[in-house]
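Quick notes on the structure that follows.
Derivation of every value follows stated rules applied to the coordinates shown; laboratory data play no part. Since this is a predicted model, take the numbers as computed values, not measurements. Note that each Cβ is placed from the backbone with ideal geometry, even for glycine, and that neighbours are counted across all protein chains shown.
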């Protein structure tokens, strides 16, 4: 008998997780390292610092993907439409 992995791909959370990956990729290295360094200099234990940074980066990428990106996209869409109307 063969076993297979069944994923419920209709779950809406998959889309949100997918949208979070690029902001996480962009911010984790520089911002995460800066926060980790600050926590370490403040005397927070390393493993606790890593957990704090991980949770913070995931939360920040969620905020960027779910809140900031749609608003920026809408602003850019309106700006492009106005520019095209002025040049036409």
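Across the chain, C-alpha contacts under 8 Å between residues 6 or more apart give a mean separation that, scaled by the residue count, equals a relative contact order of 37 percent.
Taken along its principal axes, the alpha carbon cloud of the range 8-88 reaches lengths of 60, 36, 15 Å, longest axis first. The helix-based estimate of mean residue ellipticity at 222 nm for the chain, built from -39,500 (n - 2.57) per DSSP H run of four or more residues and divided by its residue count, is -24000 deg cm²/dmol to the nearest 500. What FRET efficiency comes out for the pair residue 84/residue 25, r = Cβ-Cβ distance, R0 = 30 Å, nearest 0.05? It comes out at approximately 0.45. Between residue 66 and residue 40, full extension at 0.36 nm per residue minus the direct alpha carbon distance yields a gain of 6.4 nm. The label point for residue 75 and the one for residue 51, both projected 7 Å from the Cα toward the Cβ, are 3.6 nm apart.
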